[in-house]
Every structure is written in C-alpha cells, then in structure tokens.
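Just so you know, all these numbers are worked out from the coordinates, no wet-lab data involved. If you're wondering where the values come from, they're calculated on a predicted model, not measured in any experiment. Glycine also receives a Cβ, built like all others from the backbone with ideal geometry; neighbour counts cover every protein chain displayed.
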Amino acid sequence: MNLQDNITAWIKNYADTAGMRTLVVGISGGIDSAVVSALCARTGLNTIAVSMPIRQRPELHDLSMQQGAWLTQTFDNVRHEIIDVTPVFDTFETKMNQYNNLLGMANSRSRLRMVTLYQIAQSTQGLVVGTGNRVEDFGVGFYTKYGDGGVDISPIADCYKTEVWQMGRELGVLQDIIDAPPTDGLWDDGRTDSDQLGGLTYAELEMAMRQDNNELPIDNLEQLKNVEKYRQIRARSLHKMNPIPVYKKI
C-alpha cells in the first residue's frame, strides 16, 4: 500500500473504532485541505467538506469551490457545504473594537471556522479532521492555537509538504490547487504563507527542518541562514507545540 492508502485506512479505522459516522473537514482551496478531503472521501464514510469564506479573496474562494465540486463529482459520499462566516466575524470585530489587533483578528477568523466545523461535527456524529502538515504542525508551528490547530485527528501531520504535493498529484487534485501559492486566507491583503514565514518557501522550510533534525547536511551558507531563520520562527511558536503548562501542587 502507498502512503495515501495507508492514511485512508488509518482514518477509517479511527472513525470506526470511535463509533463516528461522519468526517468533517474545512477546505480552503489549498493543497493540504484538498489532499485531506480527498483522503476522507476515499474512506467511503460520510464526508462533509466545508468552505467557510470570511471576506475571502475571490481567487481563493474559487479554488475552494472547485475542490468542493471535484469532490462531489468524484465521490458519492461527499457533501459540500458553503457557510459564509463573514457576518459573524463582522459582528465580532465590531464588538471587539477596543481590542482590534490585526494578528488577533486573523487568528479569530481561524477560531470561528473551528467553531463552525465542531458545530457540524457535533450534529452529525462526526470527527473534525485536521489539515496541517509536518512542517506547519511540528516545525514552525504555523497554525492558530484553538483554530485550525483544534481538531480530532490529524492525518497528514507526519507528512512533509513535498509528500503532500506528491499525494495531491496521485489523488488527482486539480493542478490549479497544486500550483497555488500556499496561504492561510486569514488576511484581507492576501499575504501568502511565505510572506509570513520570513520569505521562506515550504521547500526551504522543509529542508531547514530536516537539516536541523540532522536528517540532511548543511551544504552552504544560504542553507545555514535558512536553518537559523527556521529556528527563530520555531522558537516563537513553541508555546503552541508544547503541552499547556500546569501548576503542580507540592
């Protein structure tokens, strides 16, 4: 069995063991959510793919719609839900005007999407399926705590980005999604993941992560600089990846 077959079987086995009937996954128009939603669909379990635009840029929303259409056309066990969360976010932003921090508001978008997915999951005896890859989840911590980091299972969190792209090609994910610049879609200005990660691409971050883990040698000064950037980004995000501190009574 190949990687996507193994992950598909793992998802189905986990859901069956937990007595869950439905898989709920948010789709954004990016490669990670495209691959995870396809893996969920391949289990044969009821799968709800959810597009949750919040003031979404048209090009990202279009890719999400295309992924939803491809899923429903390819698999008869998939339902595509489109839930515009913009009105909820608009109200929240107005109520929190005194605390209108830009990064905080970007993270709040992600948390509203998490709440949406869990409402659907609770109503359908479902699991919320995460879409983070290994570089994001365990390398640089590029996710929102209790947002896209709030999931029940995380099928590709042990997969490097290059492995995700390869699975996407083998699963037949739309080429436009494979080629699209990765973005979290949480900013009005359309900034990409690379813009937020010190200008590093996921290929560079993956190499730096593997070099920092002594899986690959550092061959030149540019790679050394990338490893240092990776370490700096990782250090700022360790609070997400470490367990919540708990005071221990003496």
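Say we look at segment 27-79 and pick out the residues that are among the acidic types (Asp, Glu) and surrounded by fewer than 16 Cβ atoms within 10 Å (Cβ to Cβ); which of these is farthest from Arg134 (Cα to Cα)? That would be Asp76. Of the residues making up segment 161-178, none is touching a Lys or Arg at 6+ places or on another chain (Cβ under 6 Å) and over 23 Å from Asn2 (Cβ atoms). Please go through segment 140-180 and give me each residue that is of a type outside the set (Val, Ile, Thr), part of a helix (DSSP H, G or I) and either under 14 Å from the mean Cα position of the chain (by Cα) or crowded, with 18+ Cβ neighbours inside 10 Å (or both), ordered by number. Result: Lys161, Trp165, Met167, Gly168. Which ones in segment 15-26 are of a type outside the set (Asp, Glu) and surrounded by fewer than 17 Cβ atoms within 10 Å (Cβ to Cβ)? Matches in segment 15-26: Thr17, Ala18, Gly19, Arg21. Taking Arg113 as the residue in question, decide whether it is surrounded by 16 or more Cβ atoms within 10 Å (Cβ to Cβ), among the basic types (Lys, Arg) and more than 22 Å from Thr22 (Cα to Cα). Against the criterion (surrounded by 16 or more Cβ atoms within 10 Å (Cβ to Cβ), among the basic types (Lys, Arg) and more than 22 Å from Thr22 (Cα to Cα)), Arg113 does not qualify. Taking segment 80-103 as the range and being surrounded by fewer than 15 Cβ atoms within 10 Å (Cβ to Cβ), assigned to a loop (DSSP other than H, G, I, E, B) and under 20 Å from the mean Cα position of the chain (by Cα) as the test, only Asp84 passes. With the condition kept exactly as written, say whether any residue in segment 184-200 is under 30 Å from Arg21 (Cβ atoms) and either within 18 Å of the chain's Cα centre (by Cα) or buried (at least 18 other Cβ atoms within 10 Å of the Cβ) (or both). Yes, some residue in segment 184-200 is under 30 Å from Arg21 (Cβ atoms) and either within 18 Å of the chain's Cα centre (by Cα) or buried (at least 18 other Cβ atoms within 10 Å of the Cβ) (or both).
Looking at segment 110-139, which of its residues are touching a residue at least 24 places away in the same chain (Cβ under 8 Å) and either part of a loop (DSSP other than H, G, I, E, B) or β-branched (Val, Ile, Thr) (or both)? Answer for segment 110-139, where residues must be touching a residue at least 24 places away in the same chain (Cβ under 8 Å) and either part of a loop (DSSP other than H, G, I, E, B) or β-branched (Val, Ile, Thr) (or both): Thr116, Ile120, Thr124, Gln125, Val128, Val129, Gly130, Thr131, Gly132, Asn133, Val135. Meeting the requirement of 2 or more residues that are under 16 Å from the mean Cα position of the chain (by Cα) and under 28 Å from Ala106 (Cα atoms), the helices (runs of 4 or more DSSP H) wholly within segment 1-79 are 31-42, 58-74.
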